[in-house]
Structures are given as structure tokens and as C-alpha cells.
Amino acid sequence: MTSEDRYIRKRLREARRQAREFYYCRKYPIQENKIVFTTIEGSTGFSCNPKYIALELLRRNLGLDLVWLVDDMKKEFPKGIRKVKNTLKKRAYELSTAKVWIDNSRKQLEVRKRPGQFYLQTWHGSIWIKPLGLERKEKFSKIAYLVSKHDSQMVDCLLSNSKWLEQHAEIGLVYSGEMIRTGTPRCDVMINGRKEWHRRIREFYNLPFETKILLYAPTFRAGSQGINRNVDIAVDEPDYVKVINAMEERFGNKWAVFLRLHPQLTARHINHDSIISSVINASQYDDIYELLSGCDAVLTDYSSVAFDGAVMGVPTFMYMPDYNEYKNDRGSLVWDINELPFPHAEDDESLVKMIRGFDARGYKIAIQKFKENVELFEQGDASIRAANYILNKMGV
């Protein structure tokens, strides 16, 4: 027996033991007006697709019991959301007695769904660049497959924003069930709230109104889990001074960089101390989509946030200094980089040159062609569509 097999047996034994809490809670009736929300296994606050669905349900004032499972009880939620500490016992009770579950990530192995419950999976990246699930082939671990399969077998419906997602869900998300093309609720704010969040983000961070913002959102790397990241030693990060200078030369105005670390790093309290005032660590800000709505350009690597930049139509750049290393670790990317509409670079010199030579007209044409190719559906009303679907399932 290999060490991986022993680890899997240990995880499964632990999951079966913890699942007893869920079976115990079946003595309590399902509450027909109760919806339980979770994001990234409780590690993040009021954010992503579940947030915007919850806001739409709150707006309708239907007297629903809206529960949010969260690890950090200091996280702030609007009135009408009942936050609950995400412990095993409380998770088991709240999920076992809810009519509907709404999540953007995987449920834990111990979670058990009851007959009569409905699970809506909204996922946190509707179109992706890095390989997910079975797309990783031999690099997709056995335990990751078991967790994915366990979750997907409980899911009743997956929200979709494109034909592309529907074609890739079975392999990437290990899911082949019902899908509904509503658009992504988190994108609604980027379509409808740009003017408001341009002002509010600058007020929140005490920036002049005319300051332009480049949001830098690198994706998660498995090797980063125990590292204290710092601007002057993190080799994966660009030369911010050169980048800011290039942005100011090409687009005018003063620019600031908002660094947004991946939630898995933020949840592990990975630090980032800026050495220049124009780089702001926005990693603790709960909702990246409010940040995106207030930004003027996006810089990323292999993150699906690039496609959010495409939804808004703002300049979006890809910076991939570890391109070959990342592919070796993660597996071949889902896309040929040259098929994507985003200018890309693998070193600082190329990045600066790319920014200075940004072709706005060519970029606009490339974005439109890409949207048509994937049949992207983002109308700015995904939250309404999703809420209507949920309420219909609840019989409300």
C-alpha cells in the first residue's frame, strides 16, 4: 500500500466518522424557507456568486432564513444574513435542516445531503485557463478526484455563463448534471456598478478620484502555501515601479497597483508588505468583484479573473514568468495562450513593452471575437435569473 493510499483511507475514515453528525441531524425537519450559503469552504466572507444571489433574495424581502457558514466570525454581513461559525456540528445542523444549499466551491467529504434538499453550485471561475479536475490527467490526485466526485454527485444544478463551460464541466468540474445558463451573478456588479465602485473603492483606500487602478491578481500555486510573500523577494511578481511607469506613459494619470492574493493564501495569513506606496495589498478585501468594478486594468497570470476583465472590456494583461514551470507542476493549460485575447509576457521587459504598445482597437476586436466564440452570456441580470430559479425550486 502506498503512502497516498494510506492517506486516502485516513481521510475516508475521518469523513465517515464526521458524517455521523449529518445523519444525527436528520432527526430535525427541513426548514422550507432556509438557504445556507458557503464560499471557499467558509474561508472567505460575503463574496462571489453566493453574495449577489443573497443580495437579490434580500431585496425581495420574502422572510427567508438566509444562513452563511464562515470561519471568521469577524466578517461583516448585511442585515438579514445570519452568520454561523463553520464548525462541524454547526455545519451539519445548518446544512441538514436547509431546503437549499448555495456554494461556489466543493463541500467537504463528510457532508451528506438529504432527500428533499436542493444544491446549487455556482463555482468561482466560469471559464478557466489552468487545467481543473480530470483535465490535469495524472496530476489530478486521487483524493482531489474523490472530493470532486463526492461534491458533484450531490449537486442538483450548476450555473453557467457560456457554451464553453457547459462543454468543459464534465472533465474540468467532474460534473455532468443539469446546468442553467443565467450568467454569473458576481459579474452583475461589473456591468451595472462601475461608476459607483469607482468612487467607493477610492474612498475606501483614500485615493484621489482621478487615480487609475491596476488590479494584479495572481492565481494560487501549490508551492506557495507556507511562504511569507514580500514584494522585494517574491520572484513571481513583476517590477511594480516599471509597470506603474509604463501604465502612466501609455494611459495617462497616476496609477496604483492593487495586489489581490488568492483566497487560499489569504486564508493561511500569507503576508505581503509593500515597499512602495503605489502598491496596495487588497487581499483582505472580501469581494474581488467590487475591486474589479472599481479598477481600470487587470494583470493576472493563469487566473479566470482575466475573463472578468474581458466582461468589463478593460485592458487585461497576462504576466507568466514561470510559464514552463507552472505547466510542469499543474499540467498543460486548457487554452493555447495565443488563442486568448489578452496580451501576455513572460518577463518584466516584455511586460513593460507590451503595456506601452497596447493596441486598444485590436484588443476590443479580439475580446468581441472571443465572447462570440465561447458564447458568453453576461447580461447583468444573472442574480435575478438565479434567484428566480431558486425560488421556483422552493415553491415560493
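With (1) surrounded by fewer than 22 Cβ atoms within 10 Å (Cβ to Cβ); (2) in a helix (DSSP H, G or I) as the list, and P78 as the residue in question, which single condition is left unmet?
Answer for P78: the failing condition is (2).
With the structure loaded, tell me whether F140 is more than 18 Å from the chain's Cα centre (by Cα) and surrounded by fewer than 16 Cβ atoms within 10 Å (Cβ to Cβ) or whether it fails that test. Can you show your working first?
On the way: more than 18 Å from the chain's Cα centre (by Cα): yes; surrounded by fewer than 16 Cβ atoms within 10 Å (Cβ to Cβ): no.
No: the conditions fail for F140.
In the stretch 81-90, how many residues are out of contact with any helix residue (DSSP H, G or I) (no Cβ under 7 Å at 6 or more places or on another chain) and either surrounded by 15 or more Cβ atoms within 10 Å (Cβ to Cβ) or not charged (D, E, K, R) (or both)?
2
I'd like to check something: does the stretch 366-380 contain any residue that is open to solvent by 50 Å² or more (accessible area, probe 1.4 Å), over 26 Å from I213 (Cα atoms), polar (S, T, N, Q) and touching a helix residue (DSSP H, G or I) at 6+ places or on another chain (Cβ under 9 Å)?
Scanning the stretch 366-380, I find at least one residue that is open to solvent by 50 Å² or more (accessible area, probe 1.4 Å), over 26 Å from I213 (Cα atoms), polar (S, T, N, Q) and touching a helix residue (DSSP H, G or I) at 6+ places or on another chain (Cβ under 9 Å), so the answer is yes.
Just need a number here: residues in the stretch 1-45 that are in contact with a strand residue (DSSP E or B) (Cβ under 8 Å, 6 or more places away or on another chain) and assigned to a helix (DSSP H, G or I).
1
What number goes with the only condition from (1) open to solvent by 10 Å² or more (accessible area, probe 1.4 Å); (2) closer than 21 Å to W164 by Cα that I129 does not pass?
(1)
For D308, are the conditions met, namely being within 20 Å of H198 (Cβ to Cβ) and crowded, with 18+ Cβ neighbours inside 10 Å?
yes
Scanning the stretch 315-341 for residues that are charged (D, E, K, R) and either part of a strand (DSSP E or B) or touching a Phe, Trp or Tyr at 6+ places or on another chain (Cβ under 9 Å) (or both), which turns out surrounded by the fewest Cβ atoms within 10 Å (Cβ to Cβ)?
In this case the residue turns out to be E339.
Quick test for you: out of S383, S350, pick the one residue that is part of a helix (DSSP H, G or I), open to solvent by 20 Å² or more (accessible area, probe 1.4 Å) and either among the small types (G, A, S) or more than 30 Å from I280 (Cα to Cα) (or both).
S350 is the lone residue from the list that is part of a helix (DSSP H, G or I), open to solvent by 20 Å² or more (accessible area, probe 1.4 Å) and either among the small types (G, A, S) or more than 30 Å from I280 (Cα to Cα) (or both).
For W68, are the conditions met, namely being without any contact (Cβ under 8 Å) to a residue 40 or more places away in the chain, surrounded by 15 or more Cβ atoms within 10 Å (Cβ to Cβ) and part of a strand (DSSP E or B)? First the steps, then the outcome.
Numbers: without any contact (Cβ under 8 Å) to a residue 40 or more places away in the chain: yes; surrounded by 15 or more Cβ atoms within 10 Å (Cβ to Cβ): yes; part of a strand (DSSP E or B): yes.
When the stated conditions are applied, W68 passes them.
In this structure, does G63 turn out to be in contact with a helix residue (DSSP H, G or I) (Cβ under 9 Å, 6 or more places away or on another chain) and not in a helix (DSSP H, G or I)?
no
Which residues, counting only those in the stretch 198-227, are modelled with pLDDT of 95 or more, more than 18 Å from the chain's Cα centre (by Cα) and outside any helix (DSSP H, G or I)?
Result: Y205, N206, L207, P208, F209, E210, T211, K212, I213, L214.
Here's the yes/no breakdown for (1) open to solvent by less than 20 Å² (accessible area, probe 1.4 Å); (2) within 28 Å of G116 (Cβ to Cβ); (3) in contact (Cβ under 8 Å) with a residue 40 or more places away in the chain; (4) assigned to a loop (DSSP other than H, G, I, E, B):
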position	(1), (2), (3), (4)
H150	no, yes, yes, no
Q153	no, yes, no, no
L158	yes, yes, no, no
Q167	no, no, no, no
E170	no, yes, no, no
V174	no, yes, yes, yes
G177	no, yes, no, yes
R186	yes, no, yes, no
M190	yes, no, yes, no
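The values are calculated or read from the model by the stated rules, or taken from the named source; none is laboratory data. In this text, all values refer to a predicted model and were calculated from it rather than measured experimentally. Positions of Cβ are backbone-derived with ideal geometry, glycine not excepted, and every protein chain shown enters the neighbour counts. Areas reflect the complete protein model, heavy atoms only, side chains present, ligands, DNA and RNA absent. Shrake-Rupley method; radii C 1.70, N 1.55, O 1.52, S 1.80 Å.
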